[in-house]
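The values are calculated or read from the model by the stated rules, or taken from the named source; none is laboratory data. Please read all numbers here as calculations on a predicted model, not as lab measurements. Neighbour counts are summed over all protein chains in view; Cβ atoms, including those assigned to glycine, are modelled from backbone coordinates with ideal geometry.
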Amino acid sequence: MESFKKYVAEFIGTCVLVLFACGVAGQICDGTISGLIGTALAFGLVIVAMAYSIGNVSGCHINPAVSIAMLASGKIGLKDFCGYIIAQFAGGIAGAALLNLIVKDTNKLGMNALYNGDALVSFVIEVILTFVFVIAILGVTSRESNGNVAGLVIGGALVLVHLLGISFTGTSVNPARSFGPALIGGNLNGIWVFLLAPLVGGILAAIVYKFLDSKKA
């Protein structure tokens with residue numbers, strides 16, 4: 001039952017992320033500075049809200065890249081990892097479906113896109129962005145004393161990577177966030193980049209943080 005509650009929390013959190021943050025992106029991210037900042041803040045604020053609501057239940061990963069980093073770090077087991085991934089993708093699809101029901105426009109679902117149609121460059125960008133985001137999560141959650149500020153730090157880190165990444169790929173750093181809108185919007189072009197690159201970035205962050213946090217000389 002406890003595991004099921006974690007999966008429900010991850011479903012809800014990812015659904016809220018896509019519905020609200022991708023919803024804002026679809027409505028106001030028009031290439032202007034105000035649209036960029038507003039979208040970045042929306043993603044960060046959703047993470048803050050979810051971190052302090054479901055964080056005590058599931059850890060508020062709501063992102064397969066975070067979950068795979070936690071698996072690589074030994075902080076969750078394979079069973080929970082699989083449960084989290086299923087819940088996150090289901091939540092992303094549900095959030096996109098709800099958003100589409102509201103806006104009735106598949107062009108306003110906050111979908112990601114390849115930078116200048118270049119899959120390789122987009123892949124590298126997403127790996128870098130995810131690496132920065134996930135290593136911030138691993139660092140702030142590695143000490144219990146950081147518990148009170150962890151949600152703010154993680155939300156701030158997500159704002160940061162969006163401020164840079166929106167102009168390139170729209171910023172994914174989250175396979176579930178990308179897959180839901182792409183599926184509901186009927187545009188899976190280049191989706192493999194946004195599924196795979198964040199996972200690579202998450203694994204790299206786990207490896208590097210483990211090295212940096214090693215107590216051995």
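A quick yes/no check of all residues on (1) within 19 Å of Phe89 (Cα to Cα); (2) in a helix (DSSP H, G or I):
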{"position": "Glu126", "(1), (2)": "yes, yes"}
{"position": "Phe133", "(1), (2)": "no, yes"}
{"position": "Ala157", "(1), (2)": "no, yes"}
{"position": "Val173", "(1), (2)": "yes, no"}
{"position": "Ala176", "(1), (2)": "yes, yes"}
{"position": "Leu199", "(1), (2)": "yes, yes"}
{"position": "Ile203", "(1), (2)": "yes, yes"}
{"position": "Phe211", "(1), (2)": "no, yes"}
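Scanning the stretch 162-181 for residues that are surrounded by 23 or more Cβ atoms within 10 Å (Cβ to Cβ), on the phi < 0 side of the Ramachandran plot and not charged (D, E, K, R) returns His162, Gly165, Thr169, Ser172, Asn174, Pro175, Ala176, Ser178, Phe179, Gly180, Pro181.
Among the residues of the stretch 135-143, not a single one is at pLDDT 95 or above, farther than 18 Å from Phe194 by Cα and over 19 Å from the mean Cα position of the chain (by Cα). Residue pairs whose Cβ atoms lie under 6 Å apart, sitting 6 or more positions apart in sequence or on different chains, and linking a residue in the stretch 191-217 that is modelled with pLDDT of 95 or more to a partner that is assigned to a helix (DSSP H, G or I) and aromatic (Phe, Trp, Tyr), are Val193/Phe123; Ala197/Phe123; Gly201/Phe131; Leu204/Phe131; Ala205/Phe131. With respect to the conditions (1) more than 19 Å from the chain's Cα centre (by Cα); (2) within 18 Å of Val173 (Cα to Cα), Thr106 lacks only one, and its number is (2). Might you check whether a residue that is under 13 Å from the mean Cα position of the chain (by Cα), on the phi < 0 side of the Ramachandran plot and crowded, with 24+ Cβ neighbours inside 10 Å occurs anywhere in the stretch 203-211? Within the stretch 203-211, none of the residues are under 13 Å from the mean Cα position of the chain (by Cα), on the phi < 0 side of the Ramachandran plot and crowded, with 24+ Cβ neighbours inside 10 Å. Elements of the type helices (runs of 4 or more DSSP H) sitting completely within the stretch 27-91 and holding at least 3 residues that are within 17 Å of the chain's Cα centre (by Cα), modelled with pLDDT of 95 or more and of a type outside the set (Phe, Trp, Tyr): these cover 33-51, 64-72. Taking every residue in the stretch 130-145 that is farther than 17 Å from Ile166 by Cα and pairing it with any residue that is surrounded by fewer than 18 Cβ atoms within 10 Å (Cβ to Cβ) and modelled with pLDDT under 95, at least 6 positions away or on another chain, the pairs with Cβ-Cβ distances below 7 Å are Val140/Asn146; Ser142/Asp213.
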